[in-house]
Amino acid sequence: MGTKVGWWRWRRSPLRRRSDAVEAWVVLVTSVVMAVGMPLAGALSSVRVGSVLVQQRQERHRTSAVLTEDAGDPGPGTYAHTWAVVRWTASDDTVRTAGVRVAAGSRAGTKAVIWTDGQARLVSAPLTPGQAVALSAFAGTLAASGVALLLLAGRKAVRMGLDRHRAEQWERAWALTGPRWSGSTPDNAPGSEQEGPTVPPP
C-alpha cells in the first residue's frame with residue numbers, strides 16, 4: 001500500500017502538484033545516494049582504520065626493560081598491578097626510563113616487557129589482529145550509519161518543508177472555494193460587499 005501511494009507522484013495527473021514531483025525526486029536521489037554511499041563510506045572507513053592499525057603494529061616493537069625499584073603492593077580493592085620505574089636501552093645505546101604498570105610486588109632488577117616506537121619512546125601495546133579487525137568493522141559500520149542518518153535527516157527536513165508549503169496552499173485554496181460549497185461568501189472576496197438592512201416601507 002505504501003509503495004502504491006509513493007509511486008503516484010511519478011504519474012502524470014492534474015492532481016499532482018509541483019511539490020509532489022519535488023518530493024518524489026528527493027526520495028529517489030536520497031535512496032540512490034544511500035544505496036551507493038553507505039557501502040562506500042563503510043568500506044573506505046574500514047580500510048583506512050585497518051591500514052592505520054597495520055602501520056601501528058609495524059612501527060611498535062616489544063622491548064625488554066628492567067625495574068629500577070621495587071614495585072609496591074596495590075591498595076585494597078585494586079588490581080594486582082602497580083606503577084614502577086623501568087629502564088631500557090634504545091637502539092642508539094641511550095638509556096631511557098619511564099613509569100609503567102607492572103605486577104605488584106616485583107623486585108628491582110625484574111625484567112619487564114614494554115612497547116616502544118621507532119624513536120624508542122614508550123607507547124601502548126598495539127591491538128591484536130582480532131581486535132584490529134573488530135575495530136575496522138566497527139568504524140565501517142559507524143561511517144555507513146552516519147551517512148544514512150545524515151541523508152534521512154535531510155530528506156525528512158525537505159519533506160517537512162514541502163508539507164508546510166502544501167498546507168499553506170490548501171488553506172488559501174479552501175478560503176476561496178469553501179464558502180462556495182457552504183453557500184456563503186468570504187468577507188474579503190470580490191463582490192462580497194453587502195448592502196445594509198432593508199427597511200420596509202411604512
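The values are calculated or read from the model by the stated rules, or taken from the named source; none is laboratory data. Just so you know, these numbers come straight off a predicted model, no measurement behind them. Please note: Cβ atoms are built from the backbone with ideal geometry, for glycine as well, and neighbour counts cover all protein chains shown. Quick note on the areas: whole protein, heavy atoms, side chains included, nothing else; ligands and nucleic acids left out. Shrake-Rupley method; radii C 1.70, N 1.55, O 1.52, S 1.80 Å.
Condition check: touching a residue at least 24 places away in the same chain (Cβ under 8 Å), open to solvent by 50 Å² or more (accessible area, probe 1.4 Å) and within 30 Å of residue 27 (Cα to Cα). Does residue 158 satisfy that? Steps first, please.
Numbers: touching a residue at least 24 places away in the same chain (Cβ under 8 Å): yes; open to solvent by 50 Å² or more (accessible area, probe 1.4 Å): yes; within 30 Å of residue 27 (Cα to Cα): yes.
So residue 158 fits the description; yes.
Pairs please, first residue from the range 84-99 and under 16 Å from residue 113 (Cα atoms), second anywhere and among the small types (Gly, Ala, Ser) and exposed (fewer than 13 other Cβ atoms within 10 Å of the Cβ), Cβ atoms under 8 Å, 6+ apart in sequence or on different chains.
Sorted first by the residue in the range 84-99, then by its partner, the pairs are 84/72; 84/99; 85/99; 86/99; 88/64.
Give the residues of the range 117-157 that are of a type in the set (D, E, K, R) and farther than 18 Å from residue 60 by Cα, sorted by residue number.
Of the residues in the range 117-157, the ones of a type in the set (D, E, K, R) are 117, 121, 155-156.
Those that are of a type in the set (D, E, K, R) and farther than 18 Å from residue 60 by Cα: 155, 156.
Which ones in the range 41-71 are of a type in the set (D, E, K, R) and more than 30 Å from the chain's Cα centre (by Cα)?
Narrowing the range 41-71 to residues of a type in the set (D, E, K, R): 48, 57, 59-60, 62, 69-70.
If the condition is that a residue be of a type in the set (D, E, K, R) and more than 30 Å from the chain's Cα centre (by Cα), then 59, 60, 62, 69, 70 are the ones that fit.
Suppose we keep only residues that are open to solvent by 80 Å² or more (accessible area, probe 1.4 Å) and not in a helix (DSSP H, G or I) within the range 111-132. Which one would you say is modelled with the lowest pLDDT?
Filtering the range 111-132 down to residues open to solvent by 80 Å² or more (accessible area, probe 1.4 Å) leaves 111, 113, 119, 121, 129, 131.
Keeping just the survivors that are not in a helix (DSSP H, G or I) gives 111, 113, 119, 121.
Details: 111: 93, 113: 91, 119: 85, 121: 88.
Here the residue is 119.
For every residue, the table says whether it meets (1) part of a loop (DSSP other than H, G, I, E, B); (2) open to solvent by 50 Å² or more (accessible area, probe 1.4 Å); (3) over 23 Å from residue 165 (Cα atoms); (4) modelled with pLDDT under 85.
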site: 9; (1), (2), (3), (4): no, no, no, yes
site: 12; (1), (2), (3), (4): yes, yes, no, yes
site: 26; (1), (2), (3), (4): no, no, no, no
site: 49; (1), (2), (3), (4): no, no, yes, no
site: 53; (1), (2), (3), (4): no, no, yes, no
site: 58; (1), (2), (3), (4): no, yes, yes, no
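In the range 89-110, what count of residues is obtained for those that are surrounded by 12 or more Cβ atoms within 10 Å (Cβ to Cβ), out of contact with any Leu (no Cβ under 7 Å at 6 or more places or on another chain) and part of a loop (DSSP other than H, G, I, E, B)?
Summing the residues that are surrounded by 12 or more Cβ atoms within 10 Å (Cβ to Cβ), out of contact with any Leu (no Cβ under 7 Å at 6 or more places or on another chain) and part of a loop (DSSP other than H, G, I, E, B) in the range 89-110 gives 3.
Any chance the range 161-168 includes a residue that's open to solvent by less than 30 Å² (accessible area, probe 1.4 Å) and in contact with a Gly (Cβ under 7 Å, 6 or more places away or on another chain)?
The answer is no; no qualifying residue exists.
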